[in-house]
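The values are calculated or read from the model by the stated rules, or taken from the named source; none is laboratory data. Since we're looking at a predicted model, the values are computed, not measured. Cβ coordinates were reconstructed from backbone atoms using ideal geometry, including for glycine residues, and neighbour counts include every protein chain displayed. Accessible surface is based on the protein model in full, side chains and every heavy atom, while ligands, DNA and RNA are left aside. Shrake-Rupley method; radii C 1.70, N 1.55, O 1.52, S 1.80 Å.
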Amino acid sequence: MVGIDAVAVAVEVNIAGGGLGLYLVGLPDNAVKESEQRIRAAFENSGERMSGKKVVVNLAPADLRKEGAGFDLPIAVGILAAMGRVETGAVEGTMFAGELSLDGSVKPVRGVLPLALRARAEGLGRLVLPVANVAEAAVVDGIEVVGVGSLRQVVAYLNGDETIEPAAEPSAAKESPAGCYAEDFADVKGQVHAKRALEIAAAGGHNVLMIGAPGSGKTMLASRMPTILPPLTREEALETTKIHSVAGKIGAESGLMTRRPFRAPHHLASQVAIIGGGQSPRPGEVSLAHNGVLFLDELPEFGRSVLEVLRQPLENKRITVARARYSVEYPANFTLVAAMNPCPCGYYNHPDKECTCSPGTVHRYMGRISGPLMDRIDLHIEVTPVTPAELSEATPGEPSAAIRERVTKARAVQRERFGGIEGVYTNAMMNSAMLRRYCPLDEASAALLRRAMERLALSARAYDRILKVARTIADLAGRERIELSDIAEAINYRSLDRETWGR
């Protein structure tokens, strides 16, 4: 794997005299080097005998470091073909991947969807995989996917002694419906202002910060954000599934992902866990949330370095992890939904409970979130506690399906607007030139925005955010042009800028 894409590796086997043993070359890591012992045990327990001559296995290209146990099966098949136990022609045009157990069974590996896509791109006609990985690989058309359970079965299949039908692509009936969620906005009592802001965020791809006292419903609201996002397109589903496949997050019965991901890492998560990387690079939480929602609860409790690394993916929708040994790029086009208390005690601006924090303490607590990061968050929402009367209300709120319908219509308007611009399909992705083109203001709206910039001491980036949010509000209302009320509502969502909060 390089990022979320697979690179084809040719397993070359040569058996000749001049020594004994199995020699692996081609920059194998420890897991690949240890395959010798697994392969020997699997041979013995599958009724096969390892060659008594010198066996040299080369993994080409030799300058690319090979990692993981997925090379066990192709190495074993290569040895069997070199020994004459399997016809050489039987392995032509076929890609193999799988980890061998000591008893000869074939265990699943990660990154199978990128492997299937690479096999098709290489012009190969068949992919032989562990049975547990078949559902994931079968979503790729144009290639036969064959699931095997043991090395003995692989030998019988390649020699024509056993027939294994290629897997069929999972039917839509077996996949989870795109709109099937356990959570629903109908469960949320009150919070009309917050639900309106989340609808705007979903419609325009905007980032959200919710600030409110403990128990006011911030986590409940955030967990329902995916339920109002439009269904995944086929292209989005493929890319999202690739990321989760590389990270080893796809279950044995899962095919293509049909729900938008929702990731909620703990505030003690490390920088590597959030952005990805590590000794064997894997996607982090920002990439696992690609095409979905990244929820950061208790935002000020995250490490300062962790919060600052979010600035690049929030702006560029990609994350580049550069280390001494490698440099990989992962997609990270997510909607950030963050939540925090207004102060250390949690009751600043609470309608009933008294805050015990001094104004300076409140300001320092808010200062844990840097100005540049705050500027990249489009909507700041004050979430107030729900009253007893609202909690006892028997009538359910508006369901997620109704909100999602409005969001989907607004997204369709944006896709049509940006149809000729590559990589831009929501208002949040507009650059400065596009803002001038698609967000013209009349004199009254421009004057209101100028006054807000002066009074709230907003940055130039915050100015752009207000325009983007106003454009989304107009799209939800079905208006061609931004009106004064749209600008006023968008400005209202900048009330938590750190220069004014706590004063």
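Couple of notes before you dig in:
- Each peptide in 113-124, 281-292, 475-486 receives the mean, over its residues, of other Cβ atoms within 10 Å, and ordering these scores from highest gives 281-292, 113-124, 475-486.
- Extreme residue, positive dipole direction of the chain, given options ASN291, GLY423, PRO230 (C-beta unit charges): GLY423
- Between the beta carbons of GLU183 and LYS54, assuming R0 = 56 Å, the FRET efficiency works out to 0.40 to the nearest 0.05.
- Considering helices alone, the calculated mean residue ellipticity of the chain at 222 nm is -10000 deg cm²/dmol, with DSSP H runs of length four and up weighted by -39500 (n - 2.57) and normalised per residue.
- The calculated FRET efficiency for the pair ASN159 and ALA269, based on their C-beta separation and a Förster distance of 56 Å, comes to about 0.70.
- The peptide list 427-434, 439-446, 235-242, put in order of mean Cβ contacts within 10 Å with the highest first, becomes 235-242, 427-434, 439-446.
- Selected from LEU456, ALA338, GLY205, residue furthest toward positive end of dipole (the chain; charges at beta carbon): LEU456
- Dipole magnitude (debye, nearest 20) for the stretch 116-259, charges at Cβ of Lys, Arg, Asp, Glu: 680
- Of the residues TYR365, ALA402, THR387, the one whose Cα sits farthest towards the positive end of the charge dipole of the stretch 337-410 is TYR365 (charges of +1 on Lys and Arg Cβ, -1 on Asp and Glu Cβ, taken about the Cα centre).
- Over 20 Å (Cα to Cα) - which of LYS317/LYS468; LYS189/LYS218; LYS218/LYS317 fall in this group: LYS218/LYS317
- The ASN14 and VAL192 beta-carbon pair, evaluated with R₀ = 51 Å, returns a calculated FRET efficiency of approximately 0.10.
- Aspartates and glutamates whose Cα lies under 18 Å from that of LYS107, excluding same-chain neighbours fewer than 8 positions away: GLU34, GLU36, GLU44, GLU67, ASP72, GLU99, GLU136, GLU253
- Taking a ≥ b ≥ c as the square roots of the eigenvalues of the Cα gyration tensor, the stretch 70-161 is oblate, since a/c reaches 1.5 or more and a/b is not larger than b/c.
- When you count the other C-beta atoms within 10 angstrom of each residue and take the mean per peptide, 210-223, 354-367 line up highest first as 210-223, 354-367.
- Rolling a 1.4 angstrom probe over the chain with all protein chains present gives an accessible area of which 49% lies on carbon and sulfur atoms.
- Magnitude of the charge dipole, the chain, Cβ model with Lys/Arg +1 and Asp/Glu -1, debye to 20: 1180
- Label reach from LEU391 (point 7 Å along Cα→C-beta): in the stretch 209-244, amide nitrogens under 12 Å belong to 215-217.
- Geometric descriptor of the stretch 262-346, per residue, is 87 Å³ (volume of the convex hull of the Cα atoms).
- Volume per residue that the Cα convex hull of the stretch 17-117 spans, once the total is divided by residue count, Å³: 109
- Computed P(r) (all Cα pairs; the chain; 20 Å bins; percent): 21, 44, 25, 9, 0
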